[in-house]
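Since the structure comes first, as structure tokens, the remarks are kept for the end.
Derivation of every value follows stated rules applied to the coordinates shown; laboratory data play no part. None of these values were measured; they are calculated from a predicted model. Cβ sites come from the backbone with ideal geometry, for glycine too, and all protein chains shown count toward neighbours.
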Amino acid sequence: MSKSGFYLSWILVHLFILQVSSRISAIRKDIGFQEKPICRNTVQGRYLLSDDNGHICDALSVDPQSRCCPGKGEKFSCHGCNLLSQCCNSYEFCVSCCLNPARTQKEQVLKVKMAKQSTAGTYSSVFDFCAGRCRHNSESVVHENAYISDFHHCFSLPSNSSGLAA
């Protein structure tokens, strides 16, 4: 092999090594098809909704793909809520306030029955509990057809022990 052929081979090998090493160093392990989180939300009111992360937003600012509220703003907002009675004057704020782990214990909530019948099931998530309790709470009505006060969206646990699953 001639001297010029040796140098040419040597250059080609080094170029190949540089080419391969630059590709290897360009591979990033943190990039891929990142799944966008999908939120569950309350779709009850005309203007506001609460997502299962505890954020509240107006219906026009919710992300159309993820159905999540923008992450800015207060999380677990209790605006318009009476924290002693655990009742709020707005359904969406009731759900958001209820989702706060400091106020609602997951272990207790998942044992609460959806209805008083012995065949009634239990809630599958804290969001389901909050959305259900804030919408329907027999402890906020009087005479079965009138609210006790303007704070009629309540998320407190049932006061009787029959509401807990065995």
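Looking only at region 37-48, count how many residues are of a type in the set (Val, Ile, Thr) and not in a loop (DSSP other than H, G, I, E, B). Don't jump to the end; show me each part of the working.
From region 37-48, those of a type in the set (Val, Ile, Thr) are 38, 42-43; that's our starting set.
Checking the rest, the ones that are also not in a loop (DSSP other than H, G, I, E, B) come to none.
Residues flagged as of a type in the set (Val, Ile, Thr) and not in a loop (DSSP other than H, G, I, E, B) within region 37-48 amount to 0.
Against the condition over 13 Å from the mean Cα position of the chain (by Cα) and touching a residue at least 12 places away in the same chain (Cβ under 8 Å), how does ASN100 come out, does it pass? Step through it out loud before you land on a result.
Details: over 13 Å from the mean Cα position of the chain (by Cα): no; touching a residue at least 12 places away in the same chain (Cβ under 8 Å): yes.
It is false that ASN100 is over 13 Å from the mean Cα position of the chain (by Cα) and touching a residue at least 12 places away in the same chain (Cβ under 8 Å).
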